[in-house]
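These notes are about the structure you will find just below.
Only the coordinates and a few stated rules stand behind these numbers; no lab work does. Since this is a predicted model, take the numbers as computed values, not measurements. Note that we place each Cβ from the backbone using ideal geometry, even for glycine, and neighbour counts take in every protein chain shown.
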Amino acid sequence: MIRDQETFNILLDTIARFVRERLVPIENEVAETDRIPDDIVAEMKALGLFGLCIPEEYGGMGLTMEEEVFATFEIGRTSPAFRSVYATNNGIGGQGIVIDGTAAQKAHYLPRLASGEIIGSFALTEPDAGSDAGSLRARAVRDGDHYVLNGTKRYITNAPEASIYTVMARTDPTQRGAGGISAFVVERGAPGLSLGHIDKKMGQKGAHTCDVIFENCRIPASALIGGREGVGFKTAMKVLDKGRINIAATCVGVSQRMLDDALRYALERQQFGKPIAEFQLVQAMLADSKTEIYAARSMVIDAARRRDEGYDVSTEAACAKLFASEACGRIADRAVQIFGGAGYLAEYGIERFYRDVRLFRIFEGTSQIQQLVIARNMIREFAG
Ligand code: COS
């Protein structure tokens with residue numbers, strides 16, 4: 001749902017200009033320094049990017065899912081590390097509170113997430129619980145007015161910068177699966193919380209991950225999201241349904257950028273006396289990429305509209321993420337191929353995208369997990 005097309009177009013134009021004029025020119029710098037400059041973060045705050053999807057009553061823009069994906073198509077046209085700075089506040093780091101938080105939790109955290117004053121982070125994955133998130137072992141034991149947390153969370157995006165962590169931990173050890181899991185908002189300064197070293201990654205330089213370690217970490221009982229034990233896994237899954245649509249939209253944006261770069265190069269680069277874009281084998285790569293972007297974009301918009309209409313979009317979110325991220329990988333590969341030798345060199349930037357986009361097929365649920373979710377839902381619906 002687009003609430004007011006004219007106003008929304010102004011936002012899209014503003015984001016597109018910010019990406020073009022401020023972010024694209026410093027992509028190499030960010031990759032080399034592994035750091036997003038402070039003035040860029042300040043501009044993101046001023047543009048309201050940290051609060052894009054946080055409800056207006058808490059100081060955000062309250063974008064609908066459809067509006068969000070159109071904004072993400074634009075933001076996606078540059079290095080994914082830029083979106084990572086603010087995206088967790090709107091996505092997995094903030095949505096647990098938006099979707100299932102108590103009124104007090106929303107009032108306390110959402111305005112500061114929306115302004116960018118604090119960064120949110122999502123701590124589900126553990127050393128031995130990745131795709132099988134329901135098997136997580138972090139424990140939260142009630143102790144009077146507190147819970148005591150123990151466990152380690154792994155590959156946690158924005159953890160080094162975060163002020164709050166949405167942490168899934170087991171409150172009922174008698175339940176081995178999802179039913180015994182609860183979600184908490186844990187503040188950075190909590191006694192017993194420490195961070196591991198920043199991980200060295202294949203790509204997405206400028207976006208950071210690390211372990212989050214809880215050793216007898218005491219947090220107030222009021223940190224329990226929604227004030228209810230045993231529903232934390234469902235909170236995580238609802239957050240991921242939304243997150244997966246957003247990742248799919250990001251894939252569409254980055255794919256479009258890579259295709260634009262490949263097309264421009266194919267028109268400039270001369271071989272056998274003419275631009276390589278005139279050769280049909282190159283045209284096939286361009287055409288297949290265009291077709292896949294069109295398909296992915298259509299899926300993302302449809303999934304977003306369905307979510308706005310209040311439907312359960314677990315299947316559609318998984319389909320969109322599966323298709324868009326896999327297509328993005330193929331498009332990155334073709335773009336490198338079209339660039340030829342230049343595609344392998346850092347200075348042309350396309351090899352950086354090739355490495356950056358590899359993550360999309362892994363995080364917020366691997367392609368195999370998306371397949372599993374889609375098939376399971378089909379079987380469940382068939383059984384009635
Ligand atoms: N929305 C709301 N509730 C959901 C849900 C969703 N999208 N998906 C599952 N649930 C509920 C189920 O209905 C079930 O509730 P009941 O016990 O009341 O029936 C409960 O959650 C457990 O679901 P399920 O039995 O399907 O859980 P599994 O342990 O079998 O795991 C998968 C399901 C594999 C799909 C889940 O673990 C998963 O998504 N793994 C990937 C995790 C991931 O994306 N990690 C990335 C980390 S963030 S970068």
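Pairs of lysines in the chain whose Cα atoms sit within less than 21 Å of one another amount to 15, provided the residues are eight or more positions apart or on different chains. In this structure, residue 274 and residue 347 have a Cβ-Cβ separation that, at R0 = 30 Å, corresponds to a calculated FRET efficiency of about 0.75. For the chain, the longest principal axis of the alpha carbon atoms and the long axis of helix 232-268 meet at an angle near 10°.
Put in order of Cβ neighbour count within 10 Å, fewest first, the listed residues 299, 168 become 299, 168. Extension gain for residue 102-residue 56 works out to 14.9 nm (0.36 nm per residue, less the C-alpha to C-alpha distance). When every Cα-Cα distance of the chain is counted in 20 angstrom steps from zero, the calculated P(r) takes the values 28, 57, 14, 1 percent.
Around the Cα centre of the stretch 215-306, unit charges on the Cβ atoms of Lys, Arg, Asp and Glu (plus for the first two, minus for the last two) sum to a dipole of about 400 debye. Considering only alpha-carbon pairs that sit under 8 angstrom and 6 or more positions apart, the relative contact order computed for the stretch 180-273 is 33 percent. Across the chain, Cα pairs under 8 Å and at least six residues apart give a relative contact order of 16 percent. In this simple spin-label model, placing a label point 7 Å from the Cα along the Cα-to-Cβ direction at both residue 264 and residue 228 gives a separation of 5.0 nm.
Would you please state which residues of the stretch 337-369 a label at residue 312 would reach in this model, taking the label point 7 Å out along Cα→Cβ and a backbone N cut-off of under 20 Å? Residues 365, 369 fall inside that zone.
When each of 197, 146 is scored by the number of other beta-carbon atoms lying within 10 Å, the sequence from fewest to most is 197, 146. Among 316, 57, the order by Cβ neighbours within 10 angstrom, fewest to most, reads 57, 316. What angle, in degrees between 0 and 90 and rounded to the nearest 10, separates the Cα long axis of helix 314-339 from the longest principal axis of the Cα atoms of the chain? Computed tilt is about 40 degrees.
Normalising the average separation of contacting C-alpha pairs (under 8 angstrom, six or more residues apart) by the number of residues puts the relative contact order of the stretch 52-151 at 22 percent. A full extension of the chain between residue 337 and residue 368 corresponds to an added length of 8.5 nm, given 0.36 nm per residue minus the alpha carbon distance. Tell me, for the chain, which Cys residues have no other cysteine's C-beta sitting closer than 4.7 Å. Among the cysteines of the chain, those whose Cβ sits 4.7 Å or more from every other are 53, 210, 217, 319.
In degrees between 0 and 90, to the nearest 10, how far off the longest principal axis of the chain does helix 103-115 point, with axes built from Cα atoms? Orientation of helix 103-115: about 30 degrees from the principal axis. The distance separating the Cα centre of the stretch 343-384 from that of the stretch 48-127 comes to 21 Å. Between residue 187 and residue 377, the modelled labels are 3.8 nm apart [label points 7 Å from Cα along Cα→Cβ].
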